[in-house]
Number of protein chains: 2
Amino acid sequence: MEIKVVRRVLDVNEKMAQQNRNLFAEKGIFVLNVMSSPGSGKTATLERTLSYIMPEIKTAVIVGDICTSNDADRLARTGVPVVQVNTDEFGGDCHLAAHVIEKAASNIDLDDIDFLIVENIGNLVCPAEFDIGEDARVVVLSVTEGEDKPLKYPLMFRECNAAILNKIDLLPYLEYDKNSTLKNIQQINPGMPVFEISATKNTGFDPWIEWLKNKVKSKQNKKS
Amino acid sequence: MEIKVVRRVLDVNEKMAQQNRNLFAEKGIFVLNVMSSPGSGKTATLERTLSYIMPEIKTAVIVGDICTSNDADRLARTGVPVVQVNTDEFGGDCHLAAHVIEKAASNIDLDDIDFLIVENIGNLVCPAEFDIGEDARVVVLSVTEGEDKPLKYPLMFRECNAAILNKIDLLPYLEYDKNSTLKNIQQINPGMPVFEISATKNTGFDPWIEWLKNKVKSKQNKKS
């Protein structure tokens, strides 16, 4: 019973996600869905990322949180248009669904951007189940979270196109086997690129920014 | 539509949770629901906790994960009975529901224990919505997750009876305002005890263990 209903919810979401995808394709906008556990450093990573790609790539951000506009406030300081979604209006939803993205995107001038970042709710489980019409998905994992997360949350790592391994500045202070993490990621999603960064120390960003710019430009080229 | 169905699921869960609660009360077992983000150190905290309370307090553990038996394997090494629940058998559920606890508890000799620990799925959102028949709830938050988590995930902090602030050994290496975290916790749940520990360095456990022992003994006394 519960499972049947969940399937129907996912079917409805799938249709709405396809509508979003068509709209974004028409506008030539590359859409990135950024997911992670709470506190892995999504917002800090995006703040830095924006500083690398602006103003070359015209970007907007949709930020999902259950409560508060803390993350949106931080990202708005970079100068990009930011729309905050608070899911406590939808019963405290643990993920962003496609209809929420459609509504949030209607507050953005889509003719004026080439890149839309969606910072999802901090949750390593549910967001991976919901297509929002994105082109690519990235999971941010911090080294303080331990080595086995890819094995324990396989759907997230299977569904993503790249992983960002954050907080590598803390490696000297942890009992942590980075190679084990990398091996676990490859076991779940062979060949997935992994970018090792420290958002607070601003290190390791170049390969990630290059990957991102290529994706955005390739989407623009498909439009023209 | 979606909301109505979710309510029904929660109603069914509530009834099953009450059955669990009655059973645990009859046996004089104190049940603790331990929740947190992925990677905050729940398992490490419980490993240490068991070393402090065993063999004085006869304990069993139910461990929830979507996949793997890593955590159960670690906890079983302490010598306590451990039951692993993998929710990928239930569609990859993001929380432990009351019926799952009922089934898992049927694999434990309830006449032989005074304390049942439930290590929930790593998720700061959904587990807080599901009563499993527990006596108390504890949220583990690590200092690497940032200061604003209590404000961003208020339900979790409102629903818990105590918070454990883990990984305090990393404070010297972080840009982190501990007092701001403590203030945010008190804003959401005034008076909630907060225990500052480092599970890896084995520091700060005494007040937490004292709190816990008092709870377990008080439940035993209610039975006799």
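Quick note: the coordinates plus some simple rules give every number you see, no bench work behind them. Nothing here was measured: the structure is a model prediction, and the numbers come from that model. Neighbour counts are summed over all protein chains in view; Cβ atoms, including those assigned to glycine, are modelled from backbone coordinates with ideal geometry.
What does the charge count around residue A:32 come to, taking other residues whose C-beta lies under 10 Å from its C-beta (Lys +1, Arg +1, Asp -1, Glu -1)?
Details: positive: A:137, A:215; negative: A:119, A:134, A:135.
The answer is -1.
How are the Cα pair distances of chain A distributed, in percent, across 10 Å bins from 0?
Final binned percentages: 8, 34, 38, 17, 3, 0.
Measuring from a point 7 Å out along Cα→Cβ, what nm distances, shortest first, does residue B:103 have to its partners in the other copies?
The projected label point of residue B:103 is separated from its counterparts by 3.4 nm.
Placing the label point 7 Å from Cα along the Cα-to-Cβ direction, what are the distances from residue A:182 to the equivalent spots in the other copies, shortest first, in nm to one decimal?
Ordered by distance, the counterparts are at 4.0 nm.
If you count, for every residue in A:61-72, the Cβ atoms of partner chains within 10 Å of its Cβ, what is the mean? Could you put the intermediate results ahead of the total?
On the way: counts 0, 0, 0, 0, 4, 8, 8, 5, 0, 5, 2, 0.
Whole-number average of other-chain Cβ neighbours for A:61-72 is 3.
Compute the Rg/Rh shape ratio of the stretch B:54-120: radius of gyration over Kirkwood radius, all on alpha-carbon atoms. Walk me through the numbers before you get to the answer.
Working: Rg = 11.8 Å, Rh = 12.2 Å.
Rg/Rh: 0.97.
What fraction of the DSSP beta bridges in the protein assembly as shown is antiparallel, stated in percent and rounded to the nearest 5? The partial results should precede the final answer.
Details: 2 of 60 bridges.
If I count the DSSP bridges inside the protein assembly as shown, around 5 percent turn out antiparallel.
Mind checking the mean number of beta-carbon atoms from other chains within 10 Å of the Cβ atoms in A:145-158? Before the final figure, lay out the partial values.
Numbers: counts 9, 8, 2, 8, 3, 1, 5, 11, 11, 5, 4, 2, 0, 0.
Taking the mean over all residues of the peptide, I get 5.
Between beta-carbons, use under 12 Å as the cut-off and find the net charge around residue B:50, counting Lys and Arg +1, Asp and Glu -1. Working shown, then result.
Numbers: positive: B:48, B:58, B:74, B:77; negative: B:47, B:56, B:119.
Overall, the nearby charge balance is +1.
Hey, got the average number of other protein chain Cβ atoms within 10 angstrom for residues in B:126-132?
Across B:126-132, the average partner-chain Cβ count within 10 Å equals 2.
Under 1.5 on a/c is rounded, so check that first for the stretch B:87-159, then, if it is not, pick prolate when a/b is larger than b/c and oblate when it is not; a ≥ b ≥ c are the square roots of the alpha carbon gyration tensor eigenvalues.
Details: a/c = 2.40, a/b = 1.67, b/c = 1.44.
Judged from the Cα gyration tensor, the stretch B:87-159 comes out prolate (a/c at least 1.5, a/b above b/c).
Of all trypsin sites (Lys or Arg not before Pro) in the stretch B:53-95, which ones are in loop regions per DSSP and have a Cβ with at most 13 other Cβ atoms within 10 Å?
Qualifying residues, ordered by number: B:77.
Note down the Stokes-Einstein diffusion coefficient of the stretch A:131-209 in µm²/s, whole number, using a Kirkwood radius over alpha carbon pairs, 4 °C, and 1.567 mPa s.
Values: Rh = 12.9 Å.
Diffusion coefficient, whole number: 100 µm²/s.
Which order do peptides A:35-46, B:132-143, A:183-194, B:110-121 fall in by mean Cβ count within 10 Å, highest first? Write down the numbers at each step before the final one.
Numbers: A:35-46: 26.8, B:132-143: 24.5, A:183-194: 15.2, B:110-121: 21.3.
Order by mean packing, descending: A:35-46, B:132-143, B:110-121, A:183-194.
Nearest 5 is fine: what % of DSSP beta bridges in the stretch A:97-218 come out antiparallel, could you say?
About 10 percent, rounded to the nearest 5.
Take every Cα pair under 8 Å in chain A that's 6+ residues apart, average their separations, divide by the length, and report that relative contact order as a whole percent.
Working: 409 pairs, mean separation 59.3, N = 224.
Relative contact order here is 26 percent.
May I ask you to evaluate 6.51 cos²θ - 1.76 cosθ + 1.60, the Karplus curve with θ = phi - 60°, for each residue of the stretch B:196-213 and list the ³J(HN,Hα) values in order in whole Hz, giving x for glycine and proline?
8, 9, 10, 5, 6, 8, 6, 10, x, 6, 4, x, 5, 5, 5, 4, 5, 4
With θ set to phi - 60°, apply the Karplus curve 6.51 cos²θ - 1.76 cosθ + 1.60 along the stretch B:36-53 and write out the HN-Hα couplings as whole Hz, x wherever there is a Gly or Pro.
Karplus-based 3J(HN,Hα) across the stretch B:36-53 equals 4, 5, x, x, 7, x, 4, 5, 4, 4, 6, 4, 5, 4, 4, 5, 7, 9 Hz.
In nanometres, what is the gap between the two model label sites at residue B:7 and residue B:77, each 7 Å from Cα along Cα-to-Cβ?
Reported label-point gap for residue B:7 and residue B:77 is 4.8 nm.
Return the sequence-ordered ³J(HN,Hα) values of the stretch B:158-175 in whole Hz as given by the Karplus equation 6.51 cos²θ - 1.76 cosθ + 1.60 applied to θ = phi - 60°, using x for Gly and Pro.
These are the phi-based 3J(HN,Hα) values: 6, 7, 8, 9, 7, 10, 10, 9, 9, 6, 5, 5, 8, 3, x, 9, 10, 8 Hz.
Give me, ordered by chain and number, the residues 5 or more places off residue B:84 or on other chains with an amide H under 5 Å from its own placed amide H.
B:63
Say a label goes 7 Å from Cα toward Cβ at residue B:14 in every copy; what distances in nm does this one have to the rest, shortest first?
So the distances to the same position in the other copies read 3.3 nm.
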